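Everything on this sheet refers to the single structure shown next.
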């Protein structure tokens with residue numbers, strides 16, 4: 001039996017069971033558990049995750065993260081989270097299509113362009129969004145912007161696949177400039193990135209565009225580490241090869257012996273990159289939750305890491321966050337203090353462009369890539385400045401130290417949501 005947990009924020013919920021037919025196998029069933037999203041802010045945008053390790057606890061914490069992340073974008077969006085412990089790995093396209101159809105049979109009762117708008121996340125890419133959207137159309141007999149991350153030929157926004165990775169790098173660029181009084185940028189920085197999906201791929205490409213040196217990528221099977229010297233980086237051409245590999249849903253180990261990698265890169269099976277990258281300036285976890293442990297954080301700090309920003313949702317464990325925050329508290333900005341940015345702020349670019357996609361769908365318009373990218377850059381700048389401003393207002397910050405982006409982002413997101421709840425009479 002395959003159990004599915006559907007849409008979670010920690011608010012009220014419902015559950016049901018739906019069958020789905022596997023190719024050449026007996027009929028399995030899914031138990032869908034839904035937690036309704038925030039209704040305090042309009043135009044809710046939420047994420048769907050398909051992975052074998054998904055459970056209700058994970059969906060709850062991701063749901064609360066999504067609420068405050070959406071608030072930080074400056075767009076009028078509530079938030080939530082959902083998914084299933086169905087693992088698409090090893091499944092045929094037809095099996096995934098049938099699963100998505102069964103999943104949408106229940107989900108369609110709870111979503112809509114002005115009700116709840118899911119987007120993709122781990123295990124939910126363009127293929128799954130397409131199957132889900134097609135199932136919604138067949139079941140509801142209506143075309144509306146009920147999902148984001150759609151294909152460009154049927155209502156999607158340009159640069160939506162790139163948005164989280166690009167937005168992450170735009171955010172960190174502001175961190176670097178603020179911490180160094182505008183004297184430094186990504187240029188020449190060694191950047192460790194985990195993951196090899198959309199977020200990691202496009203973050204890596206943008207880092208390279210800004211002059212940075214990408215020293216790692218990874219997947220659930222292992223990590224690629226660049227060993228060709230301090231200025232040796234994974235190249236855009238190599239990232240394109242990885243994109244092609246991932247489009248075929250193959251592990252990184254499949255190209256470990258490729259001539260583009262074999263001479264400069266080491267593939268370490270079963271390992272995350274953090275303790276293997278050596279000297280590093282910027283750390284961007286872009287794979288999954290809790291992927292940087294306290295022990296790994298110690299190694300990163302010892303190896304010179306100064307900027308840590310989550311491209312994945314809650315990518316750092318509590319132990320790692322406490323270590324980074326303690327280092328920031330104990331060191332002056334000109335003494336190499338580590339500055340950490342939580343995912344609710346640093347990876348808000350994806351949901352920001354989902355909001356822009358919703359706006360385009362409502363207006364029946366398609367904006368150019370340049371226009372969307374310009375809006376994304378403005379949103380990430382405002383997201384950074386909001387966290388910075390709120391931290392300075394609500395926490396004590398010494399003149400020669402960096403403010404806590406954790407406190408600033410958490411407080412800013414909470415204030416927006418709580419004020420909306422108060423105005424609606426949800427608390428008084």
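Quick notes on this one:
- Cα shape, the stretch 120-275, gyration tensor, a/c 1.5 rule: oblate
- The stretch 358-428 shape via C-alpha gyration tensor axes, a/c threshold 1.5: oblate
- Relative contact order of the stretch 272-313, taken over Cα pairs closer than 8 Å and 6 or more residues apart, is 56 percent.
- Sorting 267, 136 by the number of Cβ atoms found within 10 Å of their own Cβ, with the fewest placed first, yields 267, 136.
- Computed label-point distance, nm, for sites residue 362 and residue 266 using a 7 Å Cα→Cβ extension: 5.2
- Highest-fluctuation residue, 237, 266, 128 considered, GNM on the chain with Cα pairs under 10 Å: 237
- Three-way shape label, the chain, alpha-carbon gyration tensor, a/c 1.5: oblate
- The value of relative contact order for the chain, using C-alpha pairs under 8 Å at least six residues apart, is 15 percent.
- Label-to-label distance, residue 61 versus residue 330, with points set 7 angstrom from Cα along the beta-carbon direction: 2.4 nm.
- 281, 121 arranged by Cβ crowding within 10 Å, fewest neighbours leading: 281, 121
- Antiparallel content of DSSP bridges confined to the chain, in %, to 5: 50
- A simple spin-label model places the labels of residue 298 and residue 421 3.8 nm from each other, with each point 7 Å out along Cα-to-Cβ.
- Helix-derived mean residue ellipticity, 222 nm - over the chain, DSSP H n ≥ 4, -39500 (n - 2.57), to 500: -13500 deg cm²/dmol
- Residues 330, 95 arranged by fewest to most Cβ contacts within 10 Å: 330, 95
- Just checking the listed ones, 347, 313, 361: in the Gaussian network model of the chain with Cα springs under 10 Å, the one fluctuating most is 361.
- Fully extended contour minus Cα-Cα distance, from residue 87 to residue 256, at 0.36 nm per residue: 58.4 nm
- If R0 is 22 Å, the Cβ-Cβ spacing of residue 153 and residue 240 corresponds to a FRET efficiency of close to 0.50.
Each value in this text was obtained by applying a stated rule to the coordinates, not by laboratory testing. From a predicted model like this one, the values you see are computed outputs, not experimental measurements. Note: ideal-geometry Cβ built from the backbone for every residue, glycine included; neighbour counts use all protein chains shown.
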